[in-house]
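Participant: I am attaching a structure below and will ask some questions about it afterwards.
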Amino acid sequence: MRLINVKTYKLEEFLDYKTPKYAILSHTWGDDGEELTFRDVEEGGIRKPGVGSAKFLGSCRQAVQDRLGYVWIDTCCIDKTNLVELSEAINSMFRWYQRASVCYAYLSDVPSDDEPRKPSSKFCTSRWFGRGWTLQELLAPEQLRFYNSEWGYLGNKGTLRTIVGKITGIPHQILLGISELRSASVAQRMSWAGGRETKRKEDLAYCLLGIFGVTMPMIYGEGGDQAFLRLQDQILRTTRDDSILAWGLISPEKPLINSADQAGQATAGRILATAPSDFAHSGDIVCREQLSTSLNPLDISGGSLRLYLSLLTTSAGSVFGLLNCGPRHDPKRIVGIPLAQMASGASNEYVRPEGCHAALQPITASGASPRLIHIRNDNPSKKSTNARQQYWLYDDDAFAEVSLDLVDVSPSSCWDRDRAMIVSTLVPSGVATHQTLARFRHNDEESPDFVILLEVKQQDNSVKPECHVMICYRNTSLQELADKLQYVLQRASGRDSASNGLLHLRVALESDTQQPVFTIKPEVLSHPPDININIAAELRKSDLMLELVGIWEAKGQNNMEREELEQKVKDKGGRLERAKKERELVEDELRKLEKRRRMLAEEESNESEEMRLLGKKQAAVEARQEQAFQRWSHVRRRWDELYHINHDNHDYDLGEMDDWMPIYWAADRGYAEIVELLLTKGADLDVVNRDGWTPLIAASDKGHIDVVRLLVEKGIDVNAKDKGARTALWYAREARHNAVVQLLHRSGATISNDNVVLTSGSADTTISTAQLQRTLEGHSGSVYSVAFAPNSTVLASGSYDHTIRLWDASTGQLQRTLEGHSSAVSSVAFASNSTMLASGSYDNTIRLWDASTGQLQRTLEGHRSAVYSVAFASNSTVLASGSFDNTIRLWDASTGQLQRTLEGHSGSVYSVAFAPNSTVLASGSYDHTIRLWDASTGQLQRTLEGHSSAVSSVAFASNSTMLASGSYDKTIRLWESIEALST
């Protein structure tokens, strides 16, 4: 290998294994007179005028900059006068470019101000991309740089890969060397050279040797076609890739020529392509998965290609051989190459018809097993390769003897006038019969013509010729007869003779036993045939019959249309009648509505008058009320004058009585004298304030024993409950007014909400009561929560065993077990009306149950983790739930709809409780805090801090004035002035 020393500009020769690092030049040849040759460099003539010196010196300068000592240039490193050296260089050139440290692609037609990335750039249209040799020079080197005519750097094939890929059609992974060159199919690699040219035709084949990894001797003068065929022969020796046959694919923009059109008279072409341009539309064809049959070699010998292929015969009779390759982006299709069976020879001998295109076929069409076939690759000949042509010979002299001349044939393409024959072609599309009409005319101008129907019937692999003789008028078109032949064929069939009045003619056929050749023989008869068919008259009869049929069909169609119209008229009449009735109903309804409107207007007027009268009455009542207030104020002043001294136990503050019932006010203040006076006057003992407190509850809560005694003696209900279901005895015990408690006990009051029992739940799976009355057993897991129904008849318990159990509070008998939760039940709570039970569970849900039937009413979902606590507001309209997900959710107890989500805690919410007046909701959390929320708006009112560990339980006092909290820090904290805290 010779290299140019970039400092001395001398040629130096190296053995292959001792070659130093070198750069290599890729370029397009200019005029031969301007290029530097091997002899020029040898003799030191490197400063020759023209582009050659610019390429030589520029390459050397760039190599010096790249710290390389040598460069290789094809024009001056190869002695082209030595054919052996030239052949060796061409076979080695791909390897030389591949081993180069860097390749300089010099684009002499790209100016210095060109921008390659612009679509209109000179770079995109450079001659370099259209030359054959530069294809391997683009692919072989790992590093390739582009330079303009002034040796200005344009970019490399990595940075310009998108543009270069669009110009060349080469995928990026091949261009950049990510994938090996051999991973591309033969068809793809051929397509890259499809639009390229070389100065010598043979070089278009020789420049591809390295791309396919083959070698062969150079034979300049053999022609481009022959060189390309030799190249393909070498490729076939090294690959099983049958995409080498996937040439001739038609452009998607052009219509496919149906090879069936040439099936009868296909002209043999080569199975191999004659130039890379034949692969112009095969750039997307890739090999499919290798099948066992595709492992068989592709072998050319004796002028034929031997290979295994599945064959597809289309509905049009075209035959395609299905290759093991297809479009990259359409795995459901493969390439089919057109084939035609040889007219003579073995059944597995085929040719590729000249002028027929390869076509994409569905992959399902390859279901047939591949079989071994031989495809001829001889030089193209114009000789017919198909036995489907039939030849009808007629002797002009024989017909002239009976005064007849052949004047027309249909189809006209079948008439070979020069050879005096009619050629018909059988179509392999399932058509059993092929027909040709021949028209013979007598020299008597008045006589009708003879028409001979030449017919070939296909039966299996044999053909049967027949002829039928008829006459027709001279002015009848033969094409018209051919178009309507089907209507008279049955009448004409089998008639071998006819008479035109002047000539009685019979026609016979003679067949050649070796070839599909039939001779038409005319014979004159002495008398006319018994049946003479005038095809024109028969066609007229047929036309009349068809016309009659058409008339009958039209009549039938008219009858159908008439009946259809009658039915539509009937339907429309019915719809019209219904519309009329509906209109009458609407009008009647409108009359009623108008009457109703007048009545409402009158009622509106009357109501307005009544409103006016009520307004007057209201004003009178307000006046009387004002008078009463004035009297009250006068009485208060008199009262103050009489009692305006310090009475330790009788400080009657009438100012606070303004908004209260007198009996309730007196009981709450402990004014026994006034209570007694009011009782004497018949005061109502059942009055309650807005919290449901009776006078007895108010007196018991404050410890006014004299008032309690007066009320009890008057028969007040000692077990009446407020809105929180608490009794007077409960409040007395809470306030530790023992004397009142004893008095109430003696009067029949009891200790708890049901005034009987206090219950407890335990991890020992039992439920027990204070002053143990009984132990309730049944749960199979720890009992996490118990709750009495407000009516004290039922006790509910929630357990780790996923169930809720309802017990008879008086007997301890199990009433029913409520099942549905998929995890432990952590909390149970009754609505204030005792009809509804809520349960919270570790399964993230709350369930609402009918407390009387045990039926599940609805499941409330929304929490993202376990539900630890549930609580009803005292009015039972709202249900609160606290969860491990750090939130409290408020639900509509009647519909189960989520009303709002309260967020603010940074830890799990262990306990929730409503104040008895239902205005405030308290929540205790793992984050050590208690939070107070506005129950109606969900707004956070205040955060109570003080516990040093999780708050596990919160509870309001019955009068809403105190909140208790229990914590894991072993303390209970009491928070006062809750009313103030919540505002």
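Read-outs: derived from the displayed coordinates by stated rules, not from any lab. None of these values were measured; they are calculated from a predicted model. Backbone-built Cβ (ideal geometry, glycine too); neighbour counts: all protein chains shown.
Participant: Between residue 464 and residue 115, what's the calculated FRET efficiency when r is the beta-carbon distance and R0 is 56 Å? Round to 0.05.
Facilitator: Details: r = 74 Å, r/R0 = 1.33.
So, using R0 = 56 Å, E works out to roughly 0.15.
Participant: What are the residues whose amide H is under 5 Å from the amide H of residue 869, where those residues sit 5 or more places off or on another chain and H is modelled from the backbone?
Facilitator: Amide H neighbours of residue 869: 882.
Participant: Amide H to amide H under 5 Å from residue 887: which residues, 5+ apart in sequence or cross-chain, H placed 1.01 Å off N in plane?
Facilitator: Amide H neighbours of residue 887: 909.
Participant: Test of understanding: what is the full-extension gain from residue 953 to residue 833, defined as 0.36 nm times their sequence separation minus their Cα-Cα distance?
Facilitator: Working: separation 120, 0.36 × 120 = 43.20 nm, distance 2.39 nm.
Stretched fully, the residue 953-residue 833 segment lengthens by 40.8 nm.
Participant: Can you figure out the FRET efficiency of residue 793 with residue 746, using R₀ = 30 Å and their beta-carbon distance, to the nearest 0.05?
Facilitator: On the way: r = 25 Å, r/R0 = 0.84.
After rounding, the FRET efficiency stands at 0.75.
Participant: To make sure I understand, if each residue's beta carbon is the centre and we count other beta carbons within 10 Å, what order do 506, 352 fall in, fewest to most? Could the numbers behind the result be given before it?
Facilitator: Details: 506 16, 352 26.
Neighbour counts put them in this order, fewest first: 506, 352.
Participant: Using a cut-off of 24 Å between alpha-carbon atoms, which lysines can reach residue 457, once sequence neighbours fewer than 8 places away in the same chain are excluded?
Facilitator: Here the lysines satisfying the reach criterion relative to residue 457 are 484, 521.
Participant: For the stretch 42-91, give the magnitude of the charge dipole about the Cα centre (Cβ charges: +1 Lys/Arg, -1 Asp/Glu; no others), in debye to the nearest 20. Mind showing how you got there, number by number?
Facilitator: Details: 6 positive and 7 negative charges, 77 e Å.
So the magnitude is around 360 debye.
Participant: Assuming 0.36 nm per residue, please report the length gained on full extension of the stretch residue 67 to residue 182 beyond their Cα-Cα distance.
Facilitator: Values: separation 115, 0.36 × 115 = 41.40 nm, distance 3.26 nm.
That pair, residue 67 and residue 182, stretches by 38.1 nm at full extension.
Participant: Among 279, 153, 497, whose Cα projects farthest towards the positive end of the dipole of the chain, with charges put on the beta-carbon of Lys, Arg (+1) and Asp, Glu (-1)?
Facilitator: After comparing all options, I get 153.
Participant: A further question follows. When DSSP beta bridges are limited to those with both residues in the chain, what percentage is antiparallel, rounded to the nearest 5?
Facilitator: 90
Participant: Which distance in nm do the two modelled labels at residue 88 and residue 823 give, with both placed 7 Å along the Cα-to-Cβ direction?
Facilitator: Between residue 88 and residue 823, the simple spin-label model gives 8.5 nm.
Participant: How high is the relative contact order of the stretch 398-537, given as a whole-number percent (alpha carbon pairs under 8 Å, six or more residues apart)?
Facilitator: Numbers: 250 pairs, mean separation 27.8, N = 140.
Here the relative contact order equals 20 percent.
Participant: Under a point spin-label approximation (7 Å from Cα along Cα-to-Cβ), what is the residue 945-residue 548 distance to one decimal in nm?
Facilitator: Distance between the two pseudo-spin positions: 11.3 nm.
Participant: Can you check what the net charge comes to around residue 126, using other residues whose Cβ is under 11 Å from the Cβ of residue 126 (Lys, Arg +1; Asp, Glu -1)? Provide the component values of the computation, followed by the final result.
Facilitator: Working: positive: 122, 127, 131; negative: 109, 114.
Counting the neighbours of residue 126, the net charge comes to +1.
Participant: Now for a separate question. May I ask you to evaluate 6.51 cos²θ - 1.76 cosθ + 1.60, the Karplus curve with θ = phi - 60°, for each residue of the stretch 553-565 and list the ³J(HN,Hα) values in order in whole Hz, giving x for glycine and proline?
Facilitator: 5, 5, 4, x, 5, 4, 4, 5, 5, 4, 4, 5, 5
Participant: Cα-Cα over 20 Å: which of 122/166; 21/80; 118/157; 7/80; 21/199? Each step should come with its number before you reach the end.
Facilitator: Details: 122/166 15 Å; 21/80 24 Å; 118/157 16 Å; 7/80 25 Å; 21/199 31 Å.
Where the Cα-Cα span goes over 20 Å, the pairs concerned are 21/80; 7/80; 21/199.
Participant: When we measure straight from the Cα of residue 570, which lysines land under 25 angstrom away, once same-chain ones fewer than 8 places off are left out?
Facilitator: List returned: 555, 580, 581.
Participant: Evaluate the Kirkwood expression for the hydrodynamic radius of the chain, namely the inverse of the mean inverse distance over all pairs of different C-alpha atoms, and round to one decimal in Å.
Facilitator: 42.7
Participant: How high is the relative contact order of the stretch 918-972? Use alpha-carbon pairs under 8 Å, at least six apart in sequence, and give a whole percent. Before the final figure, lay out each step's value.
Facilitator: Numbers: 112 pairs, mean separation 16.0, N = 55.
About 29 percent, as a whole number.
Participant: Going by average Cβ density within 10 Å per residue, which order do the peptides 797-804, 717-724, 108-115, 616-623 take, highest to lowest?
Facilitator: On the way: 797-804: 23.0, 717-724: 19.4, 108-115: 14.6, 616-623: 9.9.
Answer by packing, highest mean first, reads 797-804, 717-724, 108-115, 616-623.
Participant: For a test of the definition: using alpha carbon positions, the gyration tensor, and the 1.5 limit on a/c, classify the stretch 803-879 as rounded, prolate or oblate. Walk me through the numbers on the way to the answer.
Facilitator: Details: a/c = 1.93, a/b = 1.30, b/c = 1.49.
Verdict is oblate for the stretch 803-879.
Participant: Show me, for the stretch 687-698, the HN-Hα J-couplings you get by feeding each phi into the Karplus relation (A = 6.51, B = -1.76, C = 1.60, θ = phi - 60°), rounded to Hz, glycine and proline as x.
Facilitator: Using θ = phi - 60°, the values come out as 5, 9, 8, 5, 8, x, 7, 8, x, 5, 4, 4 Hz.
Participant: Once every DSSP H run of n ≥ 4 in the chain is given -39500 (n - 2.57) and the sum is divided by its residues, what mean residue ellipticity at 222 nm do you get, rounded to the nearest 500 deg cm²/dmol? Please list the in-between numbers first.
Facilitator: On the way: 22 runs with 266 residues, N = 983.
My calculation for the chain gives -8500 deg cm²/dmol from helical runs alone.
Participant: Could you give each residue of the stretch 28-45 its phi-based ³J(HN,Hα) in whole Hz, using Karplus coefficients 6.51, -1.76, 1.60 with θ = phi - 60°, and x for Gly or Pro?
Facilitator: Here the 3J(HN,Hα) series is 10, 6, x, 5, 4, x, 8, 6, 6, 9, 4, 5, 4, 5, 4, 8, x, x Hz.
Participant: Using the 10 angstrom Cβ neighbour count as an exposure proxy, how do 598, 900, 726 rank, fewest first?
Facilitator: On the way: 598 10, 900 13, 726 23.
Least crowded to most crowded, the residues run 598, 900, 726.
Participant: Students often forget the sequence filter, so: which aspartates and glutamates lie under 18 Å Cα-Cα from residue 681 once same-chain residues fewer than 8 apart are removed?
Facilitator: Cα-Cα hits under 18 Å: 673, 713.
Participant: Please give the charge dipole size of the chain, origin at the Cα centre, charges +1 on K and R Cβ atoms and -1 on D and E Cβ atoms. Round to the nearest 20 debye.
Facilitator: Values: 107 positive and 125 negative charges, 336 e Å.
Charge dipole of the chain: 1620 debye, to the nearest 20.
Participant: Provide Rg over Rh for the stretch 660-701; use the alpha carbon set for both Rg and the Kirkwood Rh (inverse mean inverse pair distance). Please report the intermediate quantities before stating the final value.
Facilitator: Working: Rg = 9.2 Å, Rh = 10.0 Å.
My calculation of the ratio gives 0.92.
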